[in-house]
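Below: the structure, in C-alpha cells.
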Amino acid sequence: VPALVALITLPACERYPRDPRETLAHAAGGVLRVGVTDAPPWIVRTGEVAQGPEADLVLAFAGSIGARVEWRFGAAEDHLAALERFELDVVAAGLRADSPWSKRVGFTRPWQETGDAGRVLAVPPGENATIVALERLIERARAR
Amino acid sequence: VKRRDEFDLPPELEADMARARRLEQVTLGVMVTAIAAVGLAMGSSQAMKAAWVEDLLALVPPIAFLVAGHYRHRPSTDVFPYGFHRSVSIAFLAASVALTIFGGYLLIESATTLITREHPTIPTMVLFGEQVWAGWVMMAALVYSGIPPLILGRMKTGPARRLHDKALKADADMNRADWLTAGAGVAGIAGVGFGYWWADSVAAGIISLDVAKDGITNLKRCIADLMDQRPTTVDGRPSDVPERVAGALRALSWVRDAEVRIREEGHVFAGEAFVVPTTTEHAVERIAAAARVAQAVDWRVHDIVVTLVGDLDGEGAERAPERGANPGDR
C-alpha cells in the first residue's frame, strides 16, 4: 500500500501513462495538428488562425510542449473522423461533453463549464499521455 | 401425507454453520463497498467493467446461501412432503446460469473491442485536490476489491467441506475467480499505461473465459445434482456414503444382501435401500431398525426408505413373468 500511495502521488512520472500511437511525442518540438470548426463564442476563424478562449487553450498547450500549431479548418464531423484515424492531434470545435463522439475519441475534462454540458477538447482515442498532459493544462488554467 | 422427519445438523457442526453464515454476511458487506469503489473509478476500461460485473455477481452466492439458509431446515409440509433441502440447489442453478451467460457476453464484447481495434482512453481524475491519472485510481480500486475475496474465499473452504455445502464451496470458487479478475484488471490497465492499448481487452477476455468456465462447471454440478446423480463431495468426487450405507445394512444379522439408491438434496442425502432378508420375522421392527442404522452411517444421510426384496436383480419375492411378453399388454 505505501508503494501504491507513492506511485499515485508521484507527479514526476512523466513517461507514464504512454501513448500507444505516440501523439504527444510526435507533436512535441514539432507540429500540433489541430482541427477547428467555428463555434462562437468558444472558437472562431480569423484569417488563417483561430481565436477565442478555446484557441488560447490550444496555443497554451502547444507552447507547453514546444510545438507549432497547424490550424485546419473544416466540418466538426470530418475532424472527429480524422481524429479517430490519428490524422489529427486535437479537435477544437466547441464540443459538448455529452456528445456521442465521446465513445469513439478521447474527450478531455471540461475546460469550460456551461449550463447544460461542459465544453471539451478531443484527442485521438487511447492516447493517454496526450490527454493527461492536456488535462493538466486545463486544470492549471481553471485554477487561475 | 406422510411428512419427513425434521433434519438436525450435528451439534459439532453448528459452529461451522454459524461461521459460514457470518462469513457470508461479511462478504456481502465488504463486496458492496468494493462494488461502490470499482463503480466510481470505472471509466472506459473493459477489464474494469468485467471486474465490476463479476463483483456484482459475487453477491449472488452469499445471498443465495443466506436465503436458502432460511428454508433448508424448515420442516416438511403437506404441500412439500420432501422438505426444503433442495432450495440450495435451485439457488445455485440460477446463479450458475447467470455466471455462464455473463462470461459469454463479456467474451464477445472484449473480442469485438480487439477486432475493431478500439483504444481505451483513460483521462485524469481530481482526487483530494490532486490531479492523477485515472488508471492509478482504477488499479487501487481493483486491488481493494480483490483483497477481501482472496481472504474470505480461503476461510470458506474449510466449513464448506465439513458442512458438505456445495453452495458455500461454489461461493469460495467464485471468490477465487473474483480476486483473479481484479488481478487481471490491474495488469490490463497497467498495460494500457505502457502504451499497449490491447492489454485491457486481452485481460477482459481472459477474465471472461475464467468466468464462463466457472459458470459451466457449477452449472454441470447443479444439473447433475438435480438429475439425482449419485452423491459427490463438494470437490466433485464420488462420495463413499452409498457404499458405507449398503455395507452397514449387509452387516445386520438378518440381512442376506443389500443395495442402495441414494441422491443428494441440497446438503443432505436421501433415497432407498433394498434389503434381501434371511427371514421375514419381525419385519416391521427390523425395517425400522435398518433405517436407523442407515441414517447413523453419516450425518448427511437424512431419509432412507428401507424395502424388503426377494433378490437384488429381479423384481423381488413375486417372480415377474418371463421376459418377451410385454407385461403392459396384459
Have a look at B:Asp214, B:Asp225 and point out the one that is part of a helix (DSSP H, G or I), acidic (Asp, Glu) and over 30 Å from B:Gly43 (Cα atoms). B:Asp225
Examine segment B:65-84 for a residue that is among the polar types (S, T, N, Q) and modelled with pLDDT under 80, and state whether such a residue exists. no
Hey, can you tell me all the residues within segment A:113-136 that are under 13 Å from the mean Cα position of the chain (by Cα) and either under 16 Å from A:Glu77 (Cβ atoms) or not in a helix (DSSP H, G or I) (or both)? A:Arg119, A:Val120, A:Leu121, A:Ala122, A:Val123, A:Pro124, A:Pro125, A:Gly126, A:Glu127
Just checking, which of B:Gly188, B:Gly215 is closer than 30 Å to B:Thr121 by Cα and either surrounded by 22 or more Cβ atoms within 10 Å (Cβ to Cβ) or within 14 Å of chain A (Cβ to nearest Cβ) (or both)? B:Gly188
Segment B:114-138 - residue that is surrounded by fewer than 20 Cβ atoms within 10 Å (Cβ to Cβ) and more than 9 Å from every other protein chain (Cβ to nearest Cβ) and, of those, farthest from the chain's Cα centre (by Cα): B:Gly129
If I filter segment A:116-135 down to residues being touching a Ser or Thr at 6+ places or on another chain (Cβ under 7 Å) and of a type in the set (D, E, K, R), which single residue comes out as nearest to the other protein chains (Cβ to nearest Cβ)? A:Glu135
Residue list for segment B:1-37, filter: open to solvent by less than 40 Å² (accessible area, probe 1.4 Å) and modelled with pLDDT under 90: B:Arg4, B:Phe7, B:Leu9, B:Pro10
Scanning segment A:20-52 for residues that are under 22 Å from A:Arg144 (Cβ atoms) and out of contact with any helix residue (DSSP H, G or I) (no Cβ under 9 Å at 6 or more places or on another chain), the one farthest from the other protein chains (Cβ to nearest Cβ) turns out to be A:Gln51
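For (1) over 20 Å from the mean Cα position of the chain (by Cα); (2) of a type in the set (A, V, I, L, M); (3) more than 30 Å from A:Arg104 (Cβ to Cβ), each residue gets a yes or a no:
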site: B:Arg4; (1), (2), (3): yes, no, yes
site: B:Leu9; (1), (2), (3): no, yes, yes
site: B:Glu12; (1), (2), (3): yes, no, yes
site: B:Arg19; (1), (2), (3): no, no, yes
site: B:Gln25; (1), (2), (3): no, no, yes
site: B:Ala36; (1), (2), (3): yes, yes, no
site: B:Leu40; (1), (2), (3): yes, yes, no
site: B:Ser45; (1), (2), (3): yes, no, no
site: B:Val53; (1), (2), (3): no, yes, no
So, first residue under 9 Å from B:Ser201 (Cβ atoms) in segment B:102-116, second residue open to solvent by 50 Å² or more (accessible area, probe 1.4 Å), Cβ within less than 8 Å, six or more apart or across chains; the pairs are B:Ser110/B:Val202; B:Leu114/B:Trp198; B:Leu114/B:Val202
Is it the case that segment A:96-115 has a residue that's among the β-branched types (Val, Ile, Thr), more than 10 Å from chain B (Cβ to nearest Cβ) and touching a strand residue (DSSP E or B) at 6+ places or on another chain (Cβ under 7 Å)? no
Counted residues, segment B:141-180 - those being modelled with pLDDT of 90 or more and open to solvent by 30 Å² or more (accessible area, probe 1.4 Å): 10
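The values are calculated or read from the model by the stated rules, or taken from the named source; none is laboratory data. Please read these numbers as outputs of a predicted model, since none were measured by experiment. Note: ideal-geometry Cβ built from the backbone for every residue, glycine included; neighbour counts use all protein chains shown. The accessibility values were calculated without ligands, DNA or RNA, using every heavy atom of the protein model including side chains. Shrake-Rupley method; radii C 1.70, N 1.55, O 1.52, S 1.80 Å.
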